[in-house]
Amino acid sequence: MRIAFKHITIALLLAMLASSQAFGQATDLLAGGAANWQAFDDDRWSFVNGELHGSTAKFDGDKTDPESSTFLVSKETFSGDYIVSIELTFDQGRYLGVYLDFGQESQSGIWMASGHALDADAPDNEVERSYIKTVENGFWIVRATGELVVQKGKRIKLGFSRRGDAYSLWNDGKLIAVYRKQGGYPAGPLQLRLTNSAVRIHDLQVKTGKGR
(Lines give C-alpha, C1' and ligand atoms only; values in the text may rest on other atoms or scores of the structure.)
Protein backbone atom coordinates (compact mmCIF):
# COMPACT_ATOMS: atom_id res chain seq x y z
CA MET A 1 0.00 0.00 0.00
CA ARG A 2 2.87 2.36 0.69
CA ILE A 3 4.27 1.69 -2.78
CA ALA A 4 0.92 2.39 -4.40
CA PHE A 5 0.65 5.66 -2.48
CA LYS A 6 4.10 6.79 -3.67
CA HIS A 7 3.00 6.31 -7.25
CA ILE A 8 0.07 8.72 -7.06
CA THR A 9 0.46 10.81 -10.19
CA ILE A 10 1.36 14.48 -10.18
CA ALA A 11 -1.84 15.07 -12.13
CA LEU A 12 -3.93 13.62 -9.28
CA LEU A 13 -2.19 15.78 -6.69
CA LEU A 14 -2.64 18.90 -8.79
CA ALA A 15 -6.30 18.06 -9.31
CA MET A 16 -6.81 17.69 -5.56
CA LEU A 17 -5.13 21.01 -4.84
CA ALA A 18 -7.08 22.78 -7.58
CA SER A 19 -10.35 21.35 -6.34
CA SER A 20 -9.80 23.01 -2.94
CA GLN A 21 -10.65 26.29 -4.66
CA ALA A 22 -14.11 24.95 -5.55
CA PHE A 23 -15.43 24.69 -2.00
CA GLY A 24 -17.97 27.08 -0.58
CA GLN A 25 -18.68 28.47 2.88
CA ALA A 26 -17.64 26.36 5.85
CA THR A 27 -20.04 24.85 8.37
CA ASP A 28 -18.76 25.26 11.94
CA LEU A 29 -19.76 22.08 13.79
CA LEU A 30 -18.76 23.54 17.16
CA ALA A 31 -20.86 26.72 16.90
CA GLY A 32 -24.12 25.10 17.99
CA GLY A 33 -22.63 23.07 20.81
CA ALA A 34 -24.33 19.79 21.72
CA ALA A 35 -27.35 20.69 19.57
CA ASN A 36 -25.34 19.77 16.45
CA TRP A 37 -24.72 16.21 17.61
CA GLN A 38 -26.68 13.04 18.27
CA ALA A 39 -25.80 10.17 20.61
CA PHE A 40 -24.23 12.88 22.77
CA ASP A 41 -22.70 11.38 25.92
CA ASP A 42 -22.30 13.98 28.67
CA ASP A 43 -19.96 11.66 30.57
CA ARG A 44 -17.50 11.44 27.67
CA TRP A 45 -17.98 14.65 25.66
CA SER A 46 -18.56 18.26 26.66
CA PHE A 47 -18.37 21.78 25.23
CA VAL A 48 -16.07 24.11 27.15
CA ASN A 49 -15.60 27.73 26.04
CA GLY A 50 -16.44 26.88 22.44
CA GLU A 51 -14.25 23.77 22.32
CA LEU A 52 -15.30 20.13 22.17
CA HIS A 53 -13.62 17.99 24.84
CA GLY A 54 -13.77 14.20 24.67
CA SER A 55 -12.32 11.47 26.85
CA THR A 56 -12.64 7.73 27.22
CA ALA A 57 -13.25 6.25 30.66
CA LYS A 58 -10.03 4.21 30.34
CA PHE A 59 -6.70 5.01 28.70
CA ASP A 60 -5.12 1.56 28.71
CA GLY A 61 -8.01 -0.80 27.96
CA ASP A 62 -8.66 -3.21 25.13
CA LYS A 63 -10.12 -1.48 22.07
CA THR A 64 -13.22 -3.72 22.33
CA ASP A 65 -13.88 -2.51 25.88
CA PRO A 66 -16.79 -0.01 25.82
CA GLU A 67 -15.00 2.10 28.44
CA SER A 68 -11.96 2.41 26.14
CA SER A 69 -13.91 3.98 23.26
CA THR A 70 -16.48 6.71 22.83
CA PHE A 71 -18.40 7.90 19.76
CA LEU A 72 -20.03 11.15 18.73
CA VAL A 73 -22.21 11.47 15.61
CA SER A 74 -23.06 14.72 13.83
CA LYS A 75 -26.69 15.48 13.03
CA GLU A 76 -25.58 16.88 9.67
CA THR A 77 -24.91 14.73 6.60
CA PHE A 78 -22.53 16.01 3.93
CA SER A 79 -22.68 14.63 0.41
CA GLY A 80 -20.61 15.13 -2.72
CA ASP A 81 -17.21 16.76 -2.30
CA TYR A 82 -16.27 18.07 1.14
CA ILE A 83 -13.33 18.74 3.45
CA VAL A 84 -13.39 18.16 7.22
CA SER A 85 -10.81 20.35 8.99
CA ILE A 86 -9.93 19.73 12.64
CA GLU A 87 -7.54 21.50 15.00
CA LEU A 88 -6.97 19.55 18.19
CA THR A 89 -4.72 18.71 21.11
CA PHE A 90 -4.32 15.24 22.61
CA ASP A 91 -4.01 15.29 26.41
CA GLN A 92 -3.95 11.50 26.64
CA GLY A 93 -3.31 8.95 23.91
CA ARG A 94 -3.10 9.70 20.19
CA TYR A 95 -6.15 8.09 18.66
CA LEU A 96 -9.00 9.87 16.85
CA GLY A 97 -11.05 8.04 14.25
CA VAL A 98 -13.23 9.91 11.74
CA TYR A 99 -15.96 8.18 9.76
CA LEU A 100 -16.95 9.65 6.38
CA ASP A 101 -19.99 8.57 4.32
CA PHE A 102 -20.66 5.90 6.94
CA GLY A 103 -24.01 4.13 7.08
CA GLN A 104 -25.10 3.12 10.58
CA GLU A 105 -27.51 0.47 9.30
CA SER A 106 -25.23 -0.98 6.61
CA GLN A 107 -22.09 -0.54 8.75
CA SER A 108 -20.27 0.45 5.56
CA GLY A 109 -18.24 3.49 4.56
CA ILE A 110 -14.84 5.11 5.04
CA TRP A 111 -12.94 5.27 8.33
CA MET A 112 -9.77 7.31 8.90
CA ALA A 113 -7.63 7.58 12.01
CA SER A 114 -4.86 9.77 13.38
CA GLY A 115 -3.12 6.63 14.65
CA HIS A 116 -3.66 3.30 16.33
CA ALA A 117 -4.28 3.02 20.05
CA LEU A 118 -0.84 3.11 21.72
CA ASP A 119 0.36 1.76 25.03
CA ALA A 120 0.20 4.22 27.89
CA ASP A 121 4.03 4.33 28.12
CA ALA A 122 4.61 4.97 24.41
CA PRO A 123 7.11 7.83 23.82
CA ASP A 124 5.63 11.18 22.83
CA ASN A 125 7.76 11.35 19.67
CA GLU A 126 6.73 7.95 18.32
CA VAL A 127 5.89 8.01 14.63
CA GLU A 128 2.27 7.07 14.04
CA ARG A 129 0.68 5.27 11.15
CA SER A 130 -2.45 7.09 10.06
CA TYR A 131 -5.01 4.92 8.30
CA ILE A 132 -7.73 4.91 5.70
CA LYS A 133 -9.97 1.84 5.95
CA THR A 134 -13.06 0.72 4.14
CA VAL A 135 -15.86 -0.86 6.14
CA GLU A 136 -18.13 -3.26 4.25
CA ASN A 137 -20.98 -4.69 6.32
CA GLY A 138 -18.81 -4.47 9.43
CA PHE A 139 -15.72 -5.98 7.71
CA TRP A 140 -12.66 -3.70 7.88
CA ILE A 141 -9.85 -3.49 5.30
CA VAL A 142 -6.80 -1.19 5.49
CA ARG A 143 -6.57 0.60 2.13
CA ALA A 144 -3.84 3.21 2.69
CA THR A 145 -1.49 4.37 5.43
CA GLY A 146 0.80 7.34 6.02
CA GLU A 147 3.27 8.51 8.64
CA LEU A 148 2.18 11.07 11.22
CA VAL A 149 3.93 12.36 14.35
CA VAL A 150 1.50 13.18 17.16
CA GLN A 151 2.78 14.61 20.45
CA LYS A 152 0.77 14.87 23.63
CA GLY A 153 -0.10 18.48 24.45
CA LYS A 154 0.82 19.80 20.99
CA ARG A 155 -1.83 21.40 18.77
CA ILE A 156 -2.13 19.74 15.37
CA LYS A 157 -4.24 20.17 12.24
CA LEU A 158 -5.90 17.26 10.46
CA GLY A 159 -7.94 17.16 7.28
CA PHE A 160 -10.25 14.45 5.97
CA SER A 161 -11.73 14.89 2.51
CA ARG A 162 -13.79 13.40 -0.26
CA ARG A 163 -13.17 14.74 -3.75
CA GLY A 164 -14.86 12.73 -6.45
CA ASP A 165 -13.73 9.14 -5.98
CA ALA A 166 -10.74 10.06 -3.77
CA TYR A 167 -10.78 9.95 0.04
CA SER A 168 -7.74 11.68 1.53
CA LEU A 169 -6.09 12.36 4.89
CA TRP A 170 -4.04 15.52 5.50
CA ASN A 171 -1.78 16.85 8.27
CA ASP A 172 -0.87 20.55 8.41
CA GLY A 173 -1.78 20.86 4.73
CA LYS A 174 0.37 17.87 3.73
CA LEU A 175 -1.23 14.91 1.96
CA ILE A 176 -0.61 11.74 3.98
CA ALA A 177 -2.78 9.04 2.44
CA VAL A 178 -5.26 8.61 -0.43
CA TYR A 179 -7.70 5.86 -1.36
CA ARG A 180 -9.87 5.89 -4.49
CA LYS A 181 -13.27 4.19 -4.40
CA GLN A 182 -15.18 4.19 -7.68
CA GLY A 183 -18.42 6.02 -7.06
CA GLY A 184 -17.56 6.54 -3.39
CA TYR A 185 -20.06 5.63 -0.68
CA PRO A 186 -23.57 7.00 -0.03
CA ALA A 187 -23.60 10.09 2.17
CA GLY A 188 -23.69 9.50 5.92
CA PRO A 189 -23.25 11.63 9.04
CA LEU A 190 -19.77 12.59 10.21
CA GLN A 191 -18.78 10.44 13.17
CA LEU A 192 -15.92 10.81 15.66
CA ARG A 193 -14.38 8.02 17.74
CA LEU A 194 -11.82 8.14 20.54
CA THR A 195 -9.95 5.08 21.83
CA ASN A 196 -7.84 5.25 25.02
CA SER A 197 -7.53 9.00 24.53
CA ALA A 198 -8.53 12.44 25.76
CA VAL A 199 -8.71 15.29 23.26
CA ARG A 200 -9.57 18.98 23.02
CA ILE A 201 -10.98 19.93 19.62
CA HIS A 202 -10.42 23.65 19.12
CA ASP A 203 -11.89 23.96 15.64
CA LEU A 204 -14.06 21.64 13.52
CA GLN A 205 -15.35 22.81 10.16
CA VAL A 206 -16.71 21.22 6.99
CA LYS A 207 -16.43 22.89 3.59
CA THR A 208 -18.69 21.55 0.87
CA GLY A 209 -18.57 21.88 -2.90
CA LYS A 210 -20.11 24.90 -4.59
CA GLY A 211 -23.56 24.74 -6.09
CA ARG A 212 -24.95 22.54 -3.34
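The values are calculated or read from the model by the stated rules, or taken from the named source; none is laboratory data. What you see is a predicted model, and the numbers here were worked out from it, not measured in a lab. Note that each Cβ is placed from the backbone with ideal geometry, even for glycine, and that neighbours are counted across all protein chains shown.
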Exclusive hit being within 17 Å of TRP111 (Cα to Cα) and in contact (Cβ under 8 Å) with a residue 40 or more places away in the chain, set VAL206, VAL150, VAL199: VAL206
Hey, among the residues in the range 170-188 that are buried (at least 20 other Cβ atoms within 10 Å of the Cβ) and of a type outside the set (A, V, I, L, M, F, W, C), which one's modelled with the lowest pLDDT? ASN171
Among (1) among the hydrophobic types (A, V, I, L, M, F, W, C); (2) touching a residue at least 40 places away in the same chain (Cβ under 8 Å); (3) not in a strand (DSSP E or B), LEU88 falls short only on (3)
For the range 45-56: of the residues being part of a strand (DSSP E or B) and not acidic (Asp, Glu), which is surrounded by the fewest Cβ atoms within 10 Å (Cβ to Cβ)? VAL48
What do you reckon, is PHE59 part of a loop (DSSP other than H, G, I, E, B), of a type in the set (A, V, I, L, M, F, W, C) and farther than 30 Å from GLY164 by Cα? yes
Counting only residues that are at pLDDT 85 or above and part of a loop (DSSP other than H, G, I, E, B), the range 94-113 contains a total of 1
Identify, please: which residue in the range 143-169 is over 26 Å from THR208 (Cα atoms) and of a type in the set (A, V, I, L, M, F, W, C) and is, among those, modelled with the lowest pLDDT? VAL149
So which strands (runs of 3 or more DSSP E) stay within the range 164-212 end to end and still have 3 or more residues that are aliphatic (A, V, I, L, M)? 174-180, 189-195, 198-209
